[in-house]
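Trainee: Below are the structure tokens for one structure; questions will follow.
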Amino acid sequence: METDAINQTPLFLSLAQETRLIIERRSYIRDYPAGYTLLIEGAPAESCYFLLSGEVRAFRMNPLGRAQVLARFKVGEPINIISLLNQNKINRATIETLSPVTVLVLPAVDFNHLLARYPDFSNLILHHLAERLAKMTDLAAELSLYAVRARLARFLIELADLDPTSSGWTQDEIAAHIGTVRDVVGRLLRDFESAGLIQRQRGQIILLDREKLIQQAQE
Amino acid sequence: MIEMSLPSINFSLCNRCGQCVSQCPENALVMTGQGPAFTDPVNCTYCGTCEHLCPTGAIRAPLYVSWRAN
Ligand code: SF4
Ligand code: SF4
């Protein structure tokens, strides 16, 4: 089963046959239900996970229990690489499944072995690390440069443009992602609706006016 | 037939605390042996209060964002 997963996952297509064989020998597959806590922030980082199906989110909690969603990971993305590469080897965030997921689990010792001996594997990890760094830089810029209203408009546009297959965002998650609280998100969505920018139909938010939303996003 | 989106309930996470049932502003939920269930789906306005209050993350009212079809 690991062989099929490795050969069929686009993530691993760039790897040499030999590298894939090592991953296959040293990894195993696990299934988890939706709502499962895969990793806990602050616990020792023991494995790298490759998402074969489903979606997960990474978040951090502040001492008051408020969550900041850092990222969502989709099929093909490696999870926990930053924690494994850090010197203290501690999970940097809590990872929770948003849907039933299947992951390929590669223990830390084997992750390190592959990194040290197989340049195609190191390149793959570097590539994902660079992408993650770019996303984090964008998020930091969003939080410091734009007001909440603009951040929400930007986030709605991003979701509609780039993420049509997402498993949906709750108001709490949107609030955590854009660095505010749920009530503010609710109020801004009502504002956008009365201004004719969006329409809400139960679980759907339909964006109506791209030009005006972009204006909001830039304020 | 009207297509209704309803909050989803994960019974394996639900501890049957009843907060969602007692705090729902529309009285759309009732407690059953398994966990909360919708009395009449039409009553639910998808306000998300239940999801916000649920201590275990068992109930979710996700929003899906898309552009208006041309
Ligand atoms: S979404 Fe609102 S109306 Fe619907 S069940 Fe939950 S609390 Fe009640
Ligand atoms: S609030 Fe959550 S845990 Fe409590 S009964 Fe409702 S779904 Fe179950």
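The values are calculated or read from the model by the stated rules, or taken from the named source; none is laboratory data. This structure is a prediction, so every number in the text was calculated from the model and none was measured. Quick reminder, even Gly has a Cβ in these numbers, built from the backbone with ideal geometry, and neighbours come from all protein chains shown.
Trainee: Name every residue in segment B:30-51 that is assigned to a strand (DSSP E or B) and either within 11 Å of another protein chain (Cβ to nearest Cβ) or of a type in the set (Gly, Ala, Ser) (or both), in order of residue number. It would help to see each step written out before you state the result.
Mentor: In the first step, residues of segment B:30-51 are kept if they are assigned to a strand (DSSP E or B); the result is B:30-31, B:36-38.
Matches in segment B:30-51: B:ALA37 only.
Trainee: Another question about this same structure. Based on this model, can you work out whether A:VAL109 counts as under 24 Å from B:ASN10 (Cβ atoms) and either assigned by TED's automatic domain parsing to the domain that holds A:LEU13 or surrounded by fewer than 16 Cβ atoms within 10 Å (Cβ to Cβ) (or both)? Outline the logic, then answer.
Mentor: Working: under 24 Å from B:ASN10 (Cβ atoms): no; either assigned by TED's automatic domain parsing to the domain that holds A:LEU13 or surrounded by fewer than 16 Cβ atoms within 10 Å (Cβ to Cβ) (or both): yes.
Against the criterion (under 24 Å from B:ASN10 (Cβ atoms) and either assigned by TED's automatic domain parsing to the domain that holds A:LEU13 or surrounded by fewer than 16 Cβ atoms within 10 Å (Cβ to Cβ) (or both)), A:VAL109 does not qualify.
Trainee: Okay, next question. Kindly provide the set of residues from segment A:147-180 that are surrounded by fewer than 14 Cβ atoms within 10 Å (Cβ to Cβ) and without any contact (Cβ under 8 Å) to a residue 60 or more places away in the chain, ordered by number.
Mentor: Filtering segment A:147-180 for residues surrounded by fewer than 14 Cβ atoms within 10 Å (Cβ to Cβ) gives A:147, A:161-162, A:164-165.
Hits for segment A:147-180 are A:ASP161, A:LEU162, A:PRO164.
Trainee: Would you check if A:LEU139 is more than 13 Å from every other protein chain (Cβ to nearest Cβ), buried (at least 20 other Cβ atoms within 10 Å of the Cβ) and touching a residue at least 60 places away in the same chain (Cβ under 8 Å)?
Mentor: Working: more than 13 Å from every other protein chain (Cβ to nearest Cβ): yes; buried (at least 20 other Cβ atoms within 10 Å of the Cβ): no; touching a residue at least 60 places away in the same chain (Cβ under 8 Å): yes.
When the stated conditions are applied, A:LEU139 does not pass them.
For (1) over 14 Å from the mean Cα position of the chain (by Cα); (2) closer than 30 Å to A:ARG182 by Cα; (3) among the β-branched types (Val, Ile, Thr), each residue gets a yes or a no:
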residue	(1), (2), (3)
A:ARG25	yes, no, no
A:TYR28	yes, no, no
A:LEU39	no, yes, no
A:GLY42	yes, yes, no
A:LEU51	no, yes, no
A:GLY54	no, yes, no
A:LYS89	yes, no, no
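Trainee: Just need a number here: residues in segment B:52-68 that are buried (at least 22 other Cβ atoms within 10 Å of the Cβ), facing chain A (nearest Cβ under 7 Å) and not in a strand (DSSP E or B). Quick ask: steps written out before the conclusion?
Mentor: At the first step, the residues of segment B:52-68 found to be buried (at least 22 other Cβ atoms within 10 Å of the Cβ) are B:54, B:58-61, B:63, B:65.
Next, from what is left, pick out any that are facing chain A (nearest Cβ under 7 Å): B:60-61, B:63, B:65.
Imposing the further condition that a residue be not in a strand (DSSP E or B) reduces the set to B:61.
Of the residues in segment B:52-68, 1 are buried (at least 22 other Cβ atoms within 10 Å of the Cβ), facing chain A (nearest Cβ under 7 Å) and not in a strand (DSSP E or B).
Trainee: Quick one: how many residues across segment B:14-45 are surrounded by fewer than 19 Cβ atoms within 10 Å (Cβ to Cβ) and closer than 18 Å to A:GLY186 by Cβ?
Mentor: Residues flagged as surrounded by fewer than 19 Cβ atoms within 10 Å (Cβ to Cβ) and closer than 18 Å to A:GLY186 by Cβ within segment B:14-45 amount to 4.
Trainee: Tell me, which strands (runs of 3 or more DSSP E) wholly within segment A:18-84 include 2 or more residues that are touching a strand residue (DSSP E or B) at 6+ places or on another chain (Cβ under 9 Å), closer than 16 Å to A:SER122 by Cα and modelled with pLDDT of 85 or more?
Mentor: On the way: elements: A:28-32, A:37-39, A:47-53, A:56-61, A:67-73.
Because the criterion is at least 2 residues that are touching a strand residue (DSSP E or B) at 6+ places or on another chain (Cβ under 9 Å), closer than 16 Å to A:SER122 by Cα and modelled with pLDDT of 85 or more, the strands (runs of 3 or more DSSP E) in segment A:18-84 that meet it are A:47-53.
Trainee: Same structure, new question: Which condition breaks for B:PHE11 when tested against (1) within 9 Å of the chain's Cα centre (by Cα); (2) within 22 Å of A:THR37 (Cα to Cα); (3) among the aromatic types (Phe, Trp, Tyr)?
Mentor: Result: B:PHE11 passes all but (1).
Trainee: Could you grab me the full set of residues in segment A:37-47 that are farther than 16 Å from A:LYS74 by Cβ and crowded, with 18+ Cβ neighbours inside 10 Å?
Mentor: First, pick out the residues of segment A:37-47 that are farther than 16 Å from A:LYS74 by Cβ: A:37, A:39-47.
Once the filter is applied, which keeps residues that are farther than 16 Å from A:LYS74 by Cβ and crowded, with 18+ Cβ neighbours inside 10 Å, segment A:37-47 yields A:LEU39, A:ALA45, A:SER47.
Trainee: Just wondering, is there one or more residues in segment A:160-180 that are polar (S, T, N, Q), at pLDDT 85 or above and over 30 Å from A:ARG200 (Cβ atoms)?
Mentor: Of segment A:160-180, the ones polar (S, T, N, Q) are A:165-167, A:170-171, A:180.
Pick out the ones that are also at pLDDT 85 or above and you get A:170-171, A:180.
Filter once more, so that each one left must be over 30 Å from A:ARG200 (Cβ atoms): none.
Looking through segment A:160-180, none of the residues is polar (S, T, N, Q), at pLDDT 85 or above and over 30 Å from A:ARG200 (Cβ atoms).
Trainee: Which of the residues belonging to segment A:188-201 are within 13 Å of another protein chain (Cβ to nearest Cβ) and surrounded by fewer than 16 Cβ atoms within 10 Å (Cβ to Cβ)?
Mentor: A:ARG190, A:GLU193, A:GLY196, A:GLN199, A:ARG200, A:GLN201
Trainee: Confirm whether A:LEU159 is touching a Lys or Arg at 6+ places or on another chain (Cβ under 9 Å), at the interface with chain B (Cβ under 9 Å from one of its Cβ atoms) and in a helix (DSSP H, G or I). It would help to see each step written out before you state the result.
Mentor: Working: touching a Lys or Arg at 6+ places or on another chain (Cβ under 9 Å): no; at the interface with chain B (Cβ under 9 Å from one of its Cβ atoms): yes; in a helix (DSSP H, G or I): yes.
The answer is no for A:LEU159.
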